[in-house]
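The values are calculated or read from the model by the stated rules, or taken from the named source; none is laboratory data. As the structure is a prediction and not an experimental result, all values here were calculated from the model. Cβ placement follows ideal geometry from the backbone for every residue including glycine, while neighbour counts extend to all protein chains displayed. All accessible areas refer to the heavy atoms of the entire protein, side chains included, with ligands and DNA or RNA removed. Shrake-Rupley method; radii C 1.70, N 1.55, O 1.52, S 1.80 Å.
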Amino acid sequence: MSITEKLESAIKTGEKVTINLNEASALTGSGSGIGGRVLFDDAFAALRYANPFRQAARIIPAAGQSDVLFAAKTGNATNQTNPWGYGVNNNVGSPDVSTVIWQLPVRCINAVLPVRTAALDDINALQETLLKDIALELSQQEAASMATNNDQSGSTTLTTGATNGLRGLDSYPGGTVSAYGSSGTSITNGIHTIATVNPSSTLDYSDVVNMTTALPGQYWSLPGTAWYISPDMINTLRALHDTSGLPVFLEVGDEDGAAVGRMFGWPVIPCPYLSSAYPIYLANWPEFLTIADNQEISIQMFEQTAPGFVTIWAEKRVASSVRDPFAGVRMAAVSA
């Protein structure tokens, strides 16, 4: 209906009409910037990596808890003097009943996002997309903290939480053999030693073999045994060649035969959160790493924070710990 027709209708009927003078302009070309309408596509967010540790680690519920206490039986219950025989005599023998405990607080990560109310109205699926993306952001943050954060006093790993963050894998000391840390409920307890392979001056195939040797055989065939390797290190391994110039890790062309897609029968999981200090881990992850998870993300929408805006606030509570230090080994920094 033209402007003239709308005016005539208003005069005759007395009803209110709406006239959009911009849309009534003579449009040329595409109409962009001179009265053309804008189509708002569904909102989308760039794909985030999320937390690969959740693919294999043991996850336990921690809803409503402020701390998580871990306990490991380290002694042998059999009679160490003579475990063979039918009789039970509490007055002889020396069963080892040693136990190690350690306690970690459940940590909180949060996100705050102001959004214009007009944008929520105009952009399709914006709210749902933002909430999904915030959840992935929280997942990224917990993964980075699980990998590299130092939770001890004087920590400088501020971007991953420092003393308010998780106990990252990098913060555990390395050694030739694994060992449990001290026992108790202090934040300084439970800092285990992880068996660490120091590679050659130039990384070669034998260094990878040494890692498999360092992992005790009882973990080899368990479900959940896998390599976690940084993407940069995966590329370094793919570039390894033997003395004849052939790749050490061959690409055979099928879905299970990707170069460094599996090594020694165990799957390789790319983990960009691993640092250059320890770019390779081999572990039975359900035994090695435990994530104590609230399993819920608290999300609130605040409408009075600023005129024309709403603010999305979200938080996630989680704790993580190396549970069995013997179930995993790692490689220290290497040269290409």
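Our summary gives the range 220-306 a relative contact order of 40 percent, counting only alpha carbon pairs under 8 angstrom and 6 or more residues apart.
Given axes a ≥ b ≥ c from the Cα gyration tensor, I'd like to know whether the range 237-336 is rounded (a/c under 1.5), prolate (a/b larger than b/c) or oblate.
Prolate shape, in that a/c is at least 1.5 and a/b is the bigger ratio.
Between the residues 321, 286, 268, the greatest Cα displacement towards the positive end of the dipole of the range 248-336, with unit charges on the Cβ of Lys, Arg, Asp and Glu, is found for 321. When only the Cβ of Lys, Arg, Asp and Glu is charged (+1, +1, -1, -1), the dipole of the range 223-336 relative to its Cα centre reaches about 320 debye. Look at where the Cα atoms of the range 180-236 and of the range 96-133 average out, and the two centres are 30 Å apart. Residues in the range 305-324 near a label at residue 60, defined as backbone nitrogen under 19 Å from the 7 Å Cα→Cβ point? Flagged as within label range: 317-324. Compute the label zone of residue 110 within the range 276-320: residues whose backbone N is under 19 Å from the point 7 Å along Cα-to-Cβ. Counting only backbone N, you get 294-306, 310-319. Once the Cα-Cα distance is subtracted from the 0.36 nm per residue extended length, the residue 80 to residue 186 segment shows a gain of 35.0 nm. Spin-label model, residue 73/residue 129: points 7 Å from Cα along the beta carbon direction are separated by 5.4 nm. Measuring nothing but how far apart in sequence close Cα pairs (under 8 Å, 6+ apart) lie, relative to its length, the range 177-336 scores a relative contact order of 31 percent. Accessible surface ranking for 108, 271, 1.4 angstrom probe, highest first: 108, 271.
Which FRET efficiency value, to the nearest 0.05, is calculated for residue 152 and residue 202 with the Förster distance at 45 angstrom and r the Cβ-Cβ distance?
It comes to 0.85.
The Kirkwood hydrodynamic radius of the range 108-245, based on inverse pair distances between different Cα atoms, is 19.1 Å. Solvent-accessible surface of the range 117-200, averaged per residue with a 1.4 angstrom probe and all protein chains in place: 45 square angstrom.
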